[in-house]
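*Asks:* Here you go, one structure.
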Amino acid sequence: MAYHADVATAVTETVLTAEEFYQLPDPEQGGKIELVRGRVVTSMPVSGKHGERQGIIWQALRQFLSPGQEGKATVETGYVLRRDPDVVRAPDVSVAPAALLEDGELPEDAFIEGAPLLAIEVVSSNDSEREVLEKVGEYLDAGVARVWVVRARNKTVVVYSASGDVKSVPLTGTLTSEDAGFAQAGFALAVSTIFA
């Protein structure tokens, strides 16, 4: 097992498919594992505030989304973004688009094949800027409509769009349906609520 410069992330050297990756056991120490170009990447468990912010965002999305319309809000759900070598990413929070659901339901025993409508990464103090931007690029390359990067350090949310637009929403701002890539108007989440 090789370690990056920041000790928060470990990478295995064996190349796996998404299906082989799915069969792996949960990490003994906890945390999140993803598949990046066929290699397993393990991240440390997150802090309490990080988890709380995930929950606030997930709840706001869940309350807004109508069953069967835009999709379903999820937490750390795996998406197969690319094949050969396979990439499976699990955004901190995401919206699985209705088109990828089976009869409106998430798969029970598999990753979602395809990209989320919205992918959200809540940045931890041990996340490197390079790794965060690499994830943003992978999401956009895979067809994600919007990516949010939630930064506690400066209390902002940066919205990346498939069109190439980048928008920073400050603590006094509000995230909207447009920021989420939703066709349905009316979604509103004050950035201050995320950092309350």
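*Asks:* Using Cα-Cα distances under 8 Å and only pairs 6 or more residues apart, what relative contact order does the chain have, in percent?
*Replies:* Taking the mean separation of contacting Cα pairs over the length of the chain, I get 15 percent.
*Asks:* Continuing with the same structure: To the nearest 10 degrees, how steeply does helix 129-142 sit against the main Cα axis of the chain, on a 0 to 90 scale?
*Replies:* Roughly 80 degrees, rounded to the nearest 10.
*Asks:* Right, next: Using only Cα atoms and rounding to the nearest 10 degrees, what angle (0 to 90) does helix 48-64 make with the longest principal axis of the chain?
*Replies:* Helix 48-64 sits at roughly 50 degrees to that axis.
*Asks:* Further question: Evaluate the Debye formula for segment 61-159 with equal point scatterers sitting on the alpha carbons, no solvent, and hand back log10 of I(q)/I(0) at q = 0.11, 0.15, 0.16, 0.20 Å⁻¹, in q order, two decimals.
*Replies:* Result of the Debye calculation: -0.32, -0.59, -0.66, -0.99.
*Asks:* Can you tell me the equivalent ellipsoid semi-axes for the chain? Use √(5λ) from the Cα gyration tensor, largest first, whole Å.
*Replies:* Values: eigenvalues 131, 84, 44 Å².
Over the Cα atoms of the chain, the ellipsoid semi-axes are 26, 20, 15 Å.
*Asks:* Provide the net charge surrounding Ala180, with neighbours chosen by a C-beta distance below 11 Å and charges set as Lys +1, Arg +1, Asp -1, Glu -1. Write down the numbers at each step before the final one.
*Replies:* Numbers: positive: Arg146; negative: Glu70, Glu178, Asp179.
Local charge sum for Ala180: -2.
*Asks:* So what's the Cα pair-distance distribution over segment 105-155, bin width 5 Å, in %?
*Replies:* Final binned percentages: 4, 18, 24, 20, 17, 10, 5, 1.
*Asks:* Here's something else I'd like to know. Using a 7 Å offset from the Cα along the Cα-to-Cβ direction at both Ala190 and Thr14, what is the distance between the two label points in nm, to one decimal?
*Replies:* Placing both labels 7 Å along Cα→Cβ, they lie 5.0 nm apart.
*Asks:* If R0 is 25 Å, what FRET efficiency do you get for Lys155 and Ala98 from their C-beta distance, rounded to 0.05? Walk me through the intermediate numbers first.
*Replies:* Details: r = 32 Å, r/R0 = 1.28.
The value I calculate is 0.20.
Read-outs throughout are calculated quantities, based only on the coordinates presented, and are distinct from any laboratory measurement. Given the structure is predicted, the values throughout are model-derived calculations rather than measurements. With ideal geometry, Cβ positions are generated from the backbone for all residues, glycine too; neighbour counts draw on all protein chains shown.
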